[in-house]
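Asker: So that we are looking at the same thing, I have put the structure below in structure tokens.
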Amino acid sequence: MTTARKLVLFDIDGTLLKVEGVSRNVLIESLRKVYGTEGSAATHDFSGKMDGVIIREVMQQAGLSDSDIARGFDEAKQVYIEGFKANARREHVKLMAGIAELLEALSKRDDVVLSLLTGNFEQSGRHKLTLPEINHYFPFGAFADDAATRDELPPVAVARAEAQTGKRFEGKDVVIIGDTEHDVRCARVLNSRCIAVATGHRAADQLRSHNPDITLETLADTAAVIDFITA
Ligand SMILES: [Mg+2]
């Protein structure tokens with residue numbers, strides 16, 4: 001049994017890092033190839049959404065039926081993942097302020113377990129983390145492959161943490177860190193605590209209106225973030 005008291009679940013895009021340009025362009029090409037149309041992919045708001053949900057929403061807006069979308073889905077997912085891995089390079093990835101220091105500090109503590117809760121498909125999400133060399137901090141996580149909606153991911157993450165550590169993390173011992181209202185909302189599923197961080201596409205005031213436990217401009221103050229997590 002682990003000595004850890006807290007399970008920390010990080011979102012990826014806008015929270016740990018940003019990938020400039022590549023994701024949207026690769027998705028547009030993948031949708032054109034598989035469905036014959038990119039739909040609204042050039043302008044759709046992807047923030048905080050599951051990769052699978054994005055594909056379905058964009059193709060619905062292009063007028064495709066649910067059965068047509070379902071028929072092409074696995075291929076579109078694979079074409080996107082392969083395209084992303086082929087095109088995304090280190091120079092496209094920007095780590096958010098303080099992330100390298102925060103992950104290093106958290107990884108040295110035996111009272112905290114690090115994990116992911118993300119709308120990324122696992123293969124493309126892992127590639128995003130591998131480029132700036134932070135993938136090794138996250139031995140497991142909950143991904144878009146695991147569920148249809150983000151709100152279904154906290155129980156998946158908690159079950160994986162229990163399988164890895166032997167401990168069932170509950171309630172306020174789970175801390176979700178993300179940059180959108182979708183991250184804040186999914187933290188309510190298991191009555192977890194939530195840190196909203198304004199390093200993505202939402203301003204701090206917007207995030208505060210969704211009532212996270214705390215809203216931060218960045219995660220750069222390592223000591224303050226760790227104090228909140230371990231409180
Ligand atoms: Mg995000």
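The values are calculated or read from the model by the stated rules, or taken from the named source; none is laboratory data. Values in this document were obtained by computation on a predicted structure and should not be read as measured data. Using ideal geometry, Cβ is built from the backbone for each residue, glycine included, and neighbour counts are taken over all protein chains shown.
Asker: Quickly run through the stretch 29-60 and pick out the residues that are over 25 Å from Asp146 (Cβ atoms) and in a helix (DSSP H, G or I).
Answerer: Correct list: Glu29, Arg32, Lys33.
Asker: A further question on this structure: How about the stretch 118-156: which of its residues are away from the ligand (no atom under 15 Å from the Cβ) and of a type in the set (Gly, Ala, Ser)?
Answerer: Within the stretch 118-156, Ala147, Ala148 meet the criteria.
Asker: Checking the structure you have, find out if any residue of the stretch 32-45 is away from the ligand (no atom under 16 Å from the Cβ), surrounded by 15 or more Cβ atoms within 10 Å (Cβ to Cβ), of a type outside the set (Gly, Ala, Ser) and within 30 Å of Val113 (Cβ to Cβ).
Answerer: No, the stretch 32-45 contains no residue that is away from the ligand (no atom under 16 Å from the Cβ), surrounded by 15 or more Cβ atoms within 10 Å (Cβ to Cβ), of a type outside the set (Gly, Ala, Ser) and within 30 Å of Val113 (Cβ to Cβ).
Asker: If you go through the stretch 96-117 one residue at a time, how many are farther than 11 Å from Leu16 by Cα and either assigned to a helix (DSSP H, G or I) or within 16 Å of the ligand (Cβ to nearest atom) (or both)?
Answerer: The qualifying residues number 7.
Asker: Quick check on Val93: is it within 16 Å of the ligand (Cβ to nearest atom) and either at pLDDT below 95 or within 18 Å of Val197 (Cβ to Cβ) (or both)?
Answerer: Against the criterion (within 16 Å of the ligand (Cβ to nearest atom) and either at pLDDT below 95 or within 18 Å of Val197 (Cβ to Cβ) (or both)), Val93 qualifies.
Asker: Select from the stretch 209-231 the residues that are buried (at least 18 other Cβ atoms within 10 Å of the Cβ), in contact (Cβ under 8 Å) with a residue 40 or more places away in the chain and under 19 Å from Lys94 (Cα atoms) and list them in ascending order.
Answerer: Leu219
Asker: Right, Gly21: free of Cβ contacts under 8 Å to residues at least 40 places away in the same chain, out of contact with any strand residue (DSSP E or B) (no Cβ under 8 Å at 6 or more places or on another chain) and on the phi > 0 side of the Ramachandran plot or not?
Answerer: Taking the combined requirement at face value, the residue does not satisfy it.
Asker: Inside the stretch 173-208, can you point out the residues that are part of a loop (DSSP other than H, G, I, E, B) and either under 30 Å from Thr3 (Cα atoms) or free of Cβ contacts under 8 Å to residues at least 12 places away in the same chain (or both)?
Answerer: Correct list: Asp179, Arg188, Val189, Leu190, Asn191, Ser192, Ala203.
Asker: Could we say that Phe169 is within 14 Å of the ligand (Cβ to nearest atom), crowded, with 17+ Cβ neighbours inside 10 Å, of a type in the set (Phe, Trp, Tyr) and modelled with pLDDT of 95 or more here?
Answerer: no
Asker: Here are some residues: Gln61, Gln78. Which one is more than 19 Å from the chain's Cα centre (by Cα) and exposed (fewer than 15 other Cβ atoms within 10 Å of the Cβ)?
Answerer: Result of the check over Gln61, Gln78: Gln61.
Asker: Could you check the stretch 136-162 and list, in sequence order, the residues that are assigned to a helix (DSSP H, G or I), over 24 Å from Ala105 (Cα atoms) and not charged (D, E, K, R)?
Answerer: Ala144, Leu153, Pro155, Val156, Ala159
Asker: Inspect the stretch 46-65 for any residue being of a type in the set (Ser, Thr, Tyr) and either free of Cβ contacts under 8 Å to residues at least 40 places away in the same chain or closer than 23 Å to Arg185 by Cα (or both) and give the result as yes or no.
Answerer: Yes; the residues of the stretch 46-65 include at least one that is of a type in the set (Ser, Thr, Tyr) and either free of Cβ contacts under 8 Å to residues at least 40 places away in the same chain or closer than 23 Å to Arg185 by Cα (or both).
Asker: For Thr218, which of the numbered conditions (1) within 16 Å of the ligand (Cβ to nearest atom); (2) among the hydroxyl-bearing types (Ser, Thr, Tyr); (3) over 20 Å from Met96 (Cβ atoms) fails to hold?
Answerer: So the condition that Thr218 fails would be (3).
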